[in-house]
Amino acid sequence: MTVKNGTPYDSNNIFARILRGEIPSKPVFENEHAFAFHDINPQAPVHVLVIPKGAYVSLADFSVNAPDALQAGFWRAVGEVARQLGLEEDGYRILANAGTNSHQEVPHLHVHIFGGKPLGPMLLRDA
Ligand code: 5GP
């Protein structure tokens, strides 16, 4: 199932439960605005998810409804996590799926950070 734009926030989504400590995760970073942890099904040697500490379904929701301090704090945290993971020298990719066409699966805004190898083309091209 994927997330439709306009989906109301489900406080029992898996990342909300991770934030509340109800489900274990492998943390890599935490501050007042954001939490970062390893993806359970990594698609690259480094695959970390960064989520804001707030109830936002997607970037569409977050960018309109989150307070400025949280928006700034969250994006600073994304950069900080990439730095702390040692990805700056060789490079990395960030990605945030939003809504049906992107196959967003978890309805809590998350930014993927991929690194640790050459990552190939940005998107699969149609055959
Ligand atoms: P999306 O498709 O929504 O952008 O990505 C969701 C990501 O969350 C996927 O890469 C998936 O592997 C990851 N994921 C789903 N459930 C869990 C979980 O319980 N723990 C962790 N660490 N990652 C999860």
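The values are calculated or read from the model by the stated rules, or taken from the named source; none is laboratory data. Here the structure is a predicted model, which means the values were calculated and not measured. Neighbour counts run over all protein chains shown; Cβ positions are idealised from the backbone, glycine included. Just so you know, the surface numbers come from the protein's heavy atoms only, side chains and all, with ligands and any DNA or RNA stripped out. Shrake-Rupley method; radii C 1.70, N 1.55, O 1.52, S 1.80 Å.
Using the Cβ-Cβ distance between residue 122 and residue 76 with R0 set to 25 Å, the FRET efficiency from 1/(1 + (r/R0)^6) comes to roughly 0.55. As a fraction of the 1.4 Å probe accessible area of the chain, surface on carbon and sulfur atoms comes out at 53 percent.
For the chain, what does -39500 (n - 2.57) per DSSP helix run (n ≥ 4), summed and divided by total residues, give at 222 nm, in deg cm²/dmol to the nearest 500?
Taken over the chain, the calculation gives -7000 deg cm²/dmol.
When the Cα positions of 31, 54, 21 are compared along the charge dipole of the chain, 21 comes out farthest toward the positive end, with charges on each C-beta of Lys, Arg, Asp and Glu.
Extension gain for residue 105-residue 68 works out to 10.7 nm (0.36 nm per residue, less the C-alpha to C-alpha distance).
Scalar couplings 3J(HN,Hα) for region 83-99, obtained by applying the Karplus form with A = 6.51, B = -1.76, C = 1.60 to θ = phi - 60°, are 4, 5, 7, x, 8, 5, 5, 8, x, 7, 10, 10, 8, 10, 7, 9, x Hz; x denotes Gly and Pro.
Partner lysines whose Cα lies under 30 Å from the Cα of residue 4, excluding those fewer than 8 positions away in the same chain, are identified as 26, 53. Quick one: putting +1 on the C-beta of Lys and Arg, -1 on the C-beta of Asp and Glu, what dipole do you get for the chain around its Cα centre, in Debye to the nearest 20? Rounded to the nearest 20 debye, it is 160 debye. Percent of Cα-Cα pairs more than 25 Å apart in region 14-115, please. So the pairs more than 25 Å apart make up 13 percent of the total in region 14-115.
Structure remark: mean-square fluctuation, Gaussian network model of the chain, C-alpha springs under 10 Å; the largest value among 66, 98, 16 belongs to 66.
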